[in-house]
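J.: Just passing along the structure, written as structure tokens.
Here, each number is a calculation from the coordinates, and none is a lab measurement. Owing to the predicted nature of the structure, the values given are computational and were not obtained by experimental measurement. Using ideal geometry, Cβ is built from the backbone for each residue, glycine included, and neighbour counts are taken over all protein chains shown.
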Amino acid sequence: MSQSTLCEVENMQEEEQYRLLDQVIEDYEGMETNLVQVLHYAQSIFGYLSMATQRYIAEKMELPLSKVSGVVSFYSFFSTMPKGRHTISICLGTACYVRGGKKIIDKLNELLSIDVGETTEDLRFSMEIKRCIGACGLAPAMSIDETVFKRVNPNRIKNILEQYE
């Protein structure tokens with residue numbers, strides 16, 4: 001499956017997405033040893049691994065659902081909930097925590113009505129914690145996608161979020 005195909009999945013109907021998943025399973029010969037790769041592609045196709053998608057993979061690969069779900073829950077890079085278009089990562093390494101990282105989380109909770117590990121209803125933002133994003137000297141820090149924001153003051157967060165409307 002090409003990278004351009006993966007970029008087009010957002011515009012696909014669900015039926016087309018499942019046909020693409022069928023192709024992935026076929027490409028990996030439906031072998032249990034390739035389950036992690038199949039799950040990676042499935043998450044790329046659907047954005048997350050719903051129970052329905054896990055069940056579908058289990059049936060197509062002739063595996064117990066418990067095996068598929070066990071792999072999904074074991075690895076932190078798999079998500080069973082939809083993710084937002086933008087991922088907000090709040091640093092809670094020592095420097096960021098001491099200099100107000102928790103205040104950043106509190107302000108994001110207030111503005112977005114979500115907690116860590118959740119996604120806004122409009123699927124615009126997901127929020128997660130990082131242990132260090134490499135900006136210790138300019139703490140507290142957070143990132144949105146690949147952009148790092150340093151010396152974040154909770155009063156600046158609304159303006160930062162507006163850049164991602």
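J.: Roughly what % antiparallel, to the nearest 5, for the DSSP beta bridges in the chain?
T.: The answer is about 55 percent antiparallel.
J.: Can you order the peptides 155-164, 98-107, 78-87 by their average number of other Cβ atoms within 10 Å per residue, highest first?
T.: 98-107, 78-87, 155-164
J.: Please report how many Lys pairs in the chain have alpha carbons closer than 28 angstrom, counting only residues at least 8 apart along the chain or sitting on separate chains.
T.: Qualifying lysine pairs in the chain: 20.
J.: Taking only DSSP H segments of four or more residues, each worth -39500 (n - 2.57), what value at 222 nm results for the chain once the sum is divided by all its residues, to the nearest 500 deg cm²/dmol?
T.: When only DSSP H runs of four or more count, the value is -13000 deg cm²/dmol.
J.: Continuing with this model, one more query. What would the Debye equation give as log₁₀ I(q)/I(0) for the range 3-74 at q = 0.14, 0.23 Å⁻¹, counting only Cα atoms as equal point scatterers?
T.: -0.37, -1.01
J.: Which number comes out as Rg/Rh for the range 86-162 once both Rg and the Kirkwood Rh are worked out on C-alpha atoms?
T.: Rg/Rh for the range 86-162 comes to 0.93.
J.: Moving to a separate point now. Based on the mean of other Cβ atoms within 10 Å per residue, sort peptides 66-72, 137-143 so the most packed one is first.
T.: The densest-packed peptide leads the list: 137-143, 66-72.
J.: Using only the alpha-carbon atoms, how far is helix 65-74 inclined from the longest principal axis of the chain? Give it as 0 to 90 degrees, nearest 10.
T.: Tilt of helix 65-74: around 30 degrees.
J.: I would also like to ask the following. Report the extension gain between Thr94 and Asp22 in nm, rounded to one decimal, defined as 0.36 nm multiplied by the number of residues separating them, less their alpha carbon distance.
T.: 21.4 nm
J.: Which semi-axes, in whole Å and largest first, does the equivalent ellipsoid of the chain have when worked out from the alpha carbon gyration tensor as the square roots of 5 times its eigenvalues?
T.: Result for the chain: semi-axes of 35, 17, 13 Å.
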